[in-house]
Amino acid sequence: MSGAGAPRISLDGAGLKVTIVAGLWNTEIAEGLLAGAHRALAAAKAEVTEVRVPGSFELPVVSKAALDNGADAVVALGVIIRGGTPHFEYVADAATSGLTQVAIVTGKPVGFGVLTLDHEQQGLDRAGLPGSTEDKGAEAAEAAVATAIALREIRR
Ligand code: DLZ
């Protein structure tokens, strides 16, 4: 995910129930994404629940369960760093296509905050940490809330 052109949006998410589903791999970057998502959702006044999953592969099934059980939107966070095995492609593809399907099948938004990286420094630059140039956890949270608001308008 490159940050060029990413919008920062001021939103009123009062009354929205948002679940953050966060992977545990690559702790420092993952915690930065999580903190950024919390900051953005607090600013939007959304009601927040946090659920941890082992890795990015588990994001889709838990995101779907959250949406099937009352969440208005999910923010899915994960960090996948390219290694020397094909695991990177498998895990990244499973998370990306799985989360896309979850959004379409449930008709509810999934903010996509899964970083797919060549190396750790790219993640540190994007994780909303001191010294980061981007805040992808916050961006994913803002996208989820903005999409939930858009869907509410359309379905009114
Ligand atoms: C197995 C695996 C590997 C190799 N790399 C990552 C990664 O970089 N980021 C991540 O979130 N998860 C990784 N995983 C774990 C899988 O997502 C999953 O948790 C396990 O395969 C167990 O199902």
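Close Cβ contacts (under 6 Å, 6 or more residues apart or on different chains) running from residues in the stretch 123-150 that are within 15 Å of Ala42 (Cβ to Cβ) to residues that are outside any loop (DSSP other than H, G, I, E, B) and β-branched (Val, Ile, Thr) comprise Ala140/Val75; Ala141/Val75; Ala144/Val75.
Results for (1) closer than 15 Å to Gly128 by Cβ; (2) touching a Gly at 6+ places or on another chain (Cβ under 7 Å); (3) modelled with pLDDT under 95, shown as yes or no for each residue.
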| residue | (1), (2), (3) |
| --- | --- |
| Val18 | no, no, no |
| Gly32 | yes, yes, no |
| Gly36 | yes, yes, no |
| Lys45 | no, yes, no |
| Val48 | no, no, no |
| Arg52 | no, no, no |
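In this structure, Ala14 qualifies as assigned to a loop (DSSP other than H, G, I, E, B), more than 18 Å from Gly123 (Cβ to Cβ) and either within 13 Å of the ligand (Cβ to nearest atom) or at pLDDT 95 or above (or both). Confirm whether Val53 is more than 24 Å from Arg8 (Cβ to Cβ) and surrounded by 19 or more Cβ atoms within 10 Å (Cβ to Cβ). In short, yes.
When the stretch 61-90 is filtered for residues that are among the charged types (D, E, K, R), more than 10 Å from the ligand (Cβ to nearest atom) and surrounded by fewer than 16 Cβ atoms within 10 Å (Cβ to Cβ), the ones remaining, listed by number, are Asp68, Glu89. Please count how many residues of the stretch 25-60 are among the small types (Gly, Ala, Ser), assigned to a helix (DSSP H, G or I) and away from the ligand (no atom under 11 Å from the Cβ). Looking only at that region, the number is 7. Could you tell me how many of the residues in the stretch 78-124 are out of contact with any Ser or Thr (no Cβ under 9 Å at 6 or more places or on another chain) and hydrophobic (A, V, I, L, M, F, W, C)? Total satisfying the criteria: 4. Within the stretch 63-84, the set of residues being small (Gly, Ala, Ser) and either within 16 Å of the chain's Cα centre (by Cα) or farther than 26 Å from Glu153 by Cα (or both) comprises Ser63, Ala65, Ala66, Ala71, Ala73, Ala76, Gly78, Gly83, Gly84.
The values are calculated or read from the model by the stated rules, or taken from the named source; none is laboratory data. This is a predicted model, so every value here is computed, not measured. Don't worry about glycine lacking a Cβ; one is built from the backbone with ideal geometry, like all the others, and counts go over all protein chains shown.
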